[in-house]
Amino acid sequence: MKTFNKFGTASVLATSLLGTTAFAGNLADPVVEPVAEPIYAPVEVGTDWTGAYGGLNLGYADIDGDGDADGDDATYGVHLGYDYDFGRYVVGGELEYDKTDIDLGGAADVDSVTRLKLRGGYDLGRTLVYATAGAARVDTSLGKDTGEFVGVGVAYQVTDRFTVGGELLEHRFDDIGGSGVDADATTFNLRGSFRF
């Protein structure tokens, strides 16, 4: 019986000690430390295209007129415009002058083309892709004529103040200078612009 009491006492003592260690500590709710959220800087999704600009053009023109009145040659000129950036979309207007000396197979000579443009495009950050349309006035040895044009272009901001780009335009002129000669012209210009 002594052995049983010793064994029972040891069991009760062990159970009591183990039980008290299980309940050791504070009964209050644990304090949860807040985890610091990482702070991300916003990513620039667009560049501001708002403002005036002007620059130089260098390009090529291919003119297809009635009969053998065809020709092509280099062009060079200037442009001046203004854009307004609405976030993802950009609209603007431009005045452009290209000088050339294209012989249309002896039927006429083309001296210059002046364009009044409207353009609208999509802001991809430092790149702007756009469509353009408007009126073009051609000056030839037969006289002057006003026609229409449509085209597409792209501009890339090398710096905040300097852009480079290119434009492809399709023109249509009817009855140039009252001569009865009609002509279609395709032009491609490389452009460099300074933004003010």
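The values are calculated or read from the model by the stated rules, or taken from the named source; none is laboratory data. Everything numeric in this text was worked out from a predicted model, so none of it was measured. Don't worry about glycine lacking a Cβ; one is built from the backbone with ideal geometry, like all the others, and counts go over all protein chains shown.
Somewhere in the range 170-181, is a residue among the hydroxyl-bearing types (Ser, Thr, Tyr) and out of contact with any Phe, Trp or Tyr (no Cβ under 9 Å at 6 or more places or on another chain)? So far as the range 170-181 goes, yes, one or more of its residues are among the hydroxyl-bearing types (Ser, Thr, Tyr) and out of contact with any Phe, Trp or Tyr (no Cβ under 9 Å at 6 or more places or on another chain).
A single member of Asp101, Asp145, Asp109, Asp139 is buried (at least 18 other Cβ atoms within 10 Å of the Cβ) and within 18 Å of Asp72 (Cβ to Cβ), and it is Asp139. What are the residues in the range 97-123 that are in contact (Cβ under 8 Å) with a residue 40 or more places away in the chain and among the aliphatic types (A, V, I, L, M), if any? If the condition is that a residue be in contact (Cβ under 8 Å) with a residue 40 or more places away in the chain and among the aliphatic types (A, V, I, L, M), then Ile102, Leu104, Ala107, Ala108, Val110, Val113 are the ones that fit.
Filtering the range 49-94 to residues that are farther than 23 Å from Leu124 by Cα, surrounded by 15 or more Cβ atoms within 10 Å (Cβ to Cβ), in contact with a Leu (Cβ under 8 Å, 6 or more places away or on another chain) and of a type in the set (A, V, I, L, M, F, W, C) leaves Ile63, Ala69. Consider the range 153-196 and keep the residues that are of a type in the set (Phe, Trp, Tyr) and either modelled with pLDDT of 95 or more or farther than 18 Å from Asp85 by Cα (or both). The one that is nearest to the chain's Cα centre (by Cα) is Tyr156.
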